[in-house]
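Have a look at the structure below, then the notes.
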Amino acid sequence: MVRLRYSSIAKLVALFFVVFFILPSFFNLYDSSTDISDFNDHPRNIDHKRLVENNGQLPNRYGENPENIAIFKEGVLGNYEPVLEPRTGPGEGGVGVNLAPEEKSAAERTVREFGFNMVASDKISLDRRIKDTRPAECKYWHYPESSKLPKASVVIVFVNEGWSTLMRTVHSVINTSPPELLADIILVDDYSNKEHLKEKLETYITRFNGKVKLTRTTKREGLVRARVIGAEMASGDVIVILDAHCECVANWLPPLLTRIAVNRKIVAVPIVDKISWQNLEHKSVYRENTRYIGVFEWGFLYKEMALPPFEEKTGKKFSDPYG
């Protein structure tokens, strides 16, 4: 093994560099007496300017607008809450679809191909309504009028997705969103090769009169880059990212947009239930009367955990936004 030795000259050069360059910079970093009056864009000068312009009141630098918060009115149905007629049919109310024995072989093939039981999915209406798993009090929240809320663009990336699961996602977003708050739905085809996702899809979405837009990549971009491509096409003020096999509950959008209307730097995250890949049953995956919060692990994997007791805010409704 060869051991590297520093010469005396190298040590002197290193010492010179530390004494005359590193240490002065370090001390200046913590020197609160430094004259910064010549730096107009320095944070201290910007805050001073704001104080002068606002009669001594420093505006909230995070852009909060408390006048846009939602208001709870006990027993008074919310202003965006829909009045829904009952529906019947396979899968309605989030009920799973049971297959006949002779259909199971075909179902297994679709699971291997698409990741879902498409035989069961194809029996379900594209306009099916899943069950409302919200706490009952959610129906009594009143949100700002549409002129005070941002419009949303929903970006959906797909690769060789099954027809009915993809189209049910689109129908669900449209059916459960106030039209005045939904700017558009951007479908990003990340280089699919399934025949039903070509001309058939292009023809089908014309029924939505421009509300649903389709773009295709020229090579496989991957989920993140494909979502960025969709975001660049969006015409709304806010971008909502959904998977290609989602279904939305009633009135899902106004609460998310309200949080952003209050504070534009918020990333609003909804509660996400489960749809079974086996029979398309919709059910909650959360414990009753327990609130959950999203967390990132060190590997940057997103997970959810029960909200710690010390973060619970007393005196508020269970359905009040938190985080």
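The values are calculated or read from the model by the stated rules, or taken from the named source; none is laboratory data. Predicted model only: the values in this text are computed from it and were never measured. Don't worry about glycine lacking a Cβ; one is built from the backbone with ideal geometry, like all the others, and counts go over all protein chains shown. Ligands, DNA and RNA are excluded from the accessible area calculation, which covers all protein heavy atoms including side chains. Shrake-Rupley method; radii C 1.70, N 1.55, O 1.52, S 1.80 Å.
For the reader, a short list of remarks on this structure follows.
- Helices (runs of 4 or more DSSP H) lying entirely in region 37-155 (those with 2 or more residues that are modelled with pLDDT under 90 and surrounded by fewer than 15 Cβ atoms within 10 Å (Cβ to Cβ)): 43-53
- The set of residues in region 280-317 that are open to solvent by less than 70 Å² (accessible area, probe 1.4 Å) and assigned to a loop (DSSP other than H, G, I, E, B) comprises Leu280, Glu281, Ser284, Tyr286, Thr290, Arg291, Gly299, Leu307, Pro308.
- Residue list for region 280-294, restricted to those being closer than 21 Å to Leu242 by Cβ and without any contact (Cβ under 8 Å) to a residue 40 or more places away in the chain: Val285, Tyr286, Tyr292, Ile293, Gly294
- Some residue of region 95-118 being basic (Lys, Arg) and under 30 Å from Lys316 (Cβ atoms): no
- If the condition is being more than 12 Å from the chain's Cα centre (by Cα) and over 11 Å from Val157 (Cβ atoms), then region 237-251 contributes Asp237, His245, Cys246, Glu247, Cys248, Val249, Ala250, Asn251.
- Unique match (being at pLDDT below 85, more than 22 Å from Cys246 (Cα to Cα), within 20 Å of the chain's Cα centre (by Cα) and hydrophobic (A, V, I, L, M, F, W, C)) among Phe300, Phe310: Phe300
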